[in-house]
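Worksheet: one structure, shown below.
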Amino acid sequence: MKKRRRIKLLKARLAKRNPLFEQYRKAVSASSSVKALTEQYRPGFIPHPLNLSHLKGLKIFPETRLLHLSSSYDLRKQGRLTPVKDQGPAGTCWAFATYGSLESCLLPEQEFDFSENNMKKLLSENCPTGYDRAPRDGGNQFMSVAYLTRWDGPVLEKEDPYDPFDNGSCSQFSPQKHIQNVIFIPDRKDAADNQNLKQAISKYGAVFSAMYYEEQYYNPDKFSYYFPSYSFSNHAICLVGWDDNYERKNFNIEPSKNGAFIARNSWGNAWGDNGYFYISYYDTNIGSDNALYYNAESPAKYNILYHYDPLGWIASVGYRSSTAWFANIFTASSNKQELVAVGWYIGGASASYQAMVYTDPVANNPRSGKIVKNVSGTITYPGYFTRSFSKPLALKAGQKFSIVVKLSTPGYNFPIPLEMPVDGYTSKAVAKKGQSFMSKSGTSWEDISNSWENSNVCLKAYALSKNSADDSPGKK
């Protein structure tokens, strides 16, 4: 009996699914129609299956920087916001909030206008690597991170102009940037827990955030909003500033104290204060599902991408410990290319890692072959992380190589990020045996598809090709 018990404890297990995702699915299935946010706009934010509630209230930015924060701040006055856009009658606020953040973080040095239309289409059920959603339906920050980290975008607005009714082709264009790092800022624990968001806004730019919107809680005279009750979020906006002294009497229902964030909407300039509004610190949903798209690099830095997770981070796995190992085995696509970086998702703050590269590994053993890279470090923020190598590694066409990561996420016993099928969400997820592996100790490895069908590790490898024929981004 003891032996059986010990084996059971060593078995990997999935983290519990986000309860808000389950509530959303039940609410949608119980309703024959989707209630509009206003007469013109549709709900556009949907909860993600992944549960990161363990991060709630965690401070991820150095406390010393808090000394420099003023009682009010506004990115509009800093010239760090692109013009407000209009999503029209489509549930695409999440795409607009994504690019509201990314475009802001590139300013003032670089000004771009990225295509939300391309994002909403390529992430739809109409495309081979899309989610179980129509092109006009809702989404979230994890979907847009998947789209960006698989190098489908960002593409220019002029190449794929926005049309809320466009259900057209899965047209792909050359990405203008490659997203290499995204911060998932922890949800606030209470109305006073605003340091993370303030730091992010002032240092980097606009922050993607979710809220619950219902017309009765909006004051059109004061451009203010306060929702005091409870519901899963249904709308995504950008946080672009704050005012600690914003009067509580400006809201339809008075919160207990003053203070509000300045938010940027995607309902055009005619709505709100030229597209902006104030949302109370005491709103029950604001400051949740936060994402900062702050690190976008030249697409010339890496031009070949190896991965098995086009739908991104859907679930997490662990061995009842904050430390675990995961790996992918890839095959080099051409000669004259160099492996220059690796990337993966992190579900904890101040996570420590060891990343290794092996060449010519044997099947089902990613740590066999020759170890050629062994780097380590600490990852400050939860989100998506890229680690570059100081010296590139030359690869030959047809050569097998493995990326192996040992990751420790303090306070979170599910360090392994997975893409996997979820009914009604990611049914197109696919996997083959011999691609992705997991291990408790790094010695004995299990093919992930043996435990969860059509599931792969979210672990990417980036290479740079010297062949002119390989200048366009190569995937998988």
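The values are calculated or read from the model by the stated rules, or taken from the named source; none is laboratory data. On a predicted model such as this, the values are computed, not experimentally measured, just so you know. Cβ: placed from backbone, ideal geometry, glycine included. Neighbour counts: every protein chain shown.
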Task: Odd one out for Leu407, checked against (1) touching a Phe, Trp or Tyr at 6+ places or on another chain (Cβ under 8 Å); (2) within 13 Å of Leu339 (Cβ to Cβ); (3) of a type outside the set (S, T, N, Q); (4) in contact (Cβ under 8 Å) with a residue 60 or more places away in the chain - done: (2)
- [ ] Have a look at Lys222, Lys189, Lys249, Lys203 and point out the one that is surrounded by fewer than 16 Cβ atoms within 10 Å (Cβ to Cβ), of a type outside the set (A, V, I, L, M, F, W, C) and farther than 30 Å from Gly383 by Cβ.
- [x] Lys249
TODO: Considering only segment 61-165, give the helices (runs of 4 or more DSSP H) lying wholly within it that have at least 3 residues that are among the hydrophobic types (A, V, I, L, M, F, W, C).
DONE: 93-106, 141-149
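Here's the yes/no breakdown for (1) farther than 23 Å from Tyr41 by Cβ; (2) at pLDDT 95 or above; (3) buried (at least 17 other Cβ atoms within 10 Å of the Cβ):
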position	(1), (2), (3)
Cys105	yes, yes, yes
Met119	no, yes, yes
Leu122	no, yes, yes
Asn140	no, yes, yes
Val145	yes, yes, yes
Val155	yes, yes, yes
Glu159	yes, yes, no
Phe165	no, no, no
Ser171	yes, no, no
Open item on the list: On the basis of being surrounded by fewer than 20 Cβ atoms within 10 Å (Cβ to Cβ), assigned to a loop (DSSP other than H, G, I, E, B) and either at negative phi or not aliphatic (A, V, I, L, M) (or both), does Asn335 make the cut?
Closed with: yes
TODO: Quick one: which residue in Ala300, Ala324 is closer than 30 Å to Gln399 by Cβ and free of Cβ contacts under 8 Å to residues at least 40 places away in the same chain?
DONE: Ala300
Task: Any pair with Cβ under 7 angstrom, 6 or more apart, that starts in segment 249-276 at a residue that is free of Cβ contacts under 8 Å to residues at least 60 places away in the same chain and ends at one that is surrounded by fewer than 17 Cβ atoms within 10 Å (Cβ to Cβ) and not in a loop (DSSP other than H, G, I, E, B) - done: Asn250/Asn219; Phe251/Asn219; Asn252/Asn219
TODO: Could you tell me whether Asp283 is in contact (Cβ under 8 Å) with a residue 60 or more places away in the chain, among the charged types (D, E, K, R), touching a strand residue (DSSP E or B) at 6+ places or on another chain (Cβ under 6 Å) and not assigned by TED's automatic domain parsing to the domain that holds Ser451?
DONE: no
Task: Selection status of Lys460, crowded, with 24+ Cβ neighbours inside 10 Å and either free of Cβ contacts under 8 Å to residues at least 40 places away in the same chain or under 20 Å from Ile314 (Cβ atoms) (or both) - done: yes
Open item on the list: Taking the condition of being aromatic (Phe, Trp, Tyr) and under 22 Å from the mean Cα position of the chain (by Cα), how many residues in segment 347-374 meet it?
Closed with: 1
TODO: Quick one: Gly241 ticks every box in (1) touching a Leu at 6+ places or on another chain (Cβ under 9 Å); (2) not in a strand (DSSP E or B); (3) not acidic (Asp, Glu) except a single one, so which number is it?
DONE: (2)
Task: Filter result for the condition that a residue is surrounded by fewer than 16 Cβ atoms within 10 Å (Cβ to Cβ) and either in the same structural domain as Ser333 (by TED's automatic domain parsing) or touching a residue at least 60 places away in the same chain (Cβ under 8 Å) (or both), over Ser439, Ser376 - done: Ser376
- [ ] Please specify each residue of segment 179-237 satisfying the condition of being assigned to a helix (DSSP H, G or I) and of a type in the set (Ser, Thr, Tyr).
- [x] Ser202, Tyr217
Task: In segment 387-404, the residues that are surrounded by fewer than 20 Cβ atoms within 10 Å (Cβ to Cβ) and either in a strand (DSSP E or B) or not aliphatic (A, V, I, L, M) (or both) - done: Arg387, Ser388, Phe389, Ser390, Lys391, Pro392, Leu393, Ala394, Lys396, Gly398, Gln399, Lys400
Open item on the list: Return the pair list, or none, for Cβ contacts closer than 8 Å from residues in segment 384-400 that are closer than 15 Å to His178 by Cβ to residues that are surrounded by fewer than 16 Cβ atoms within 10 Å (Cβ to Cβ), at least 6 apart or on different chains.
Closed with: Arg387/Val375; Arg387/Gly377
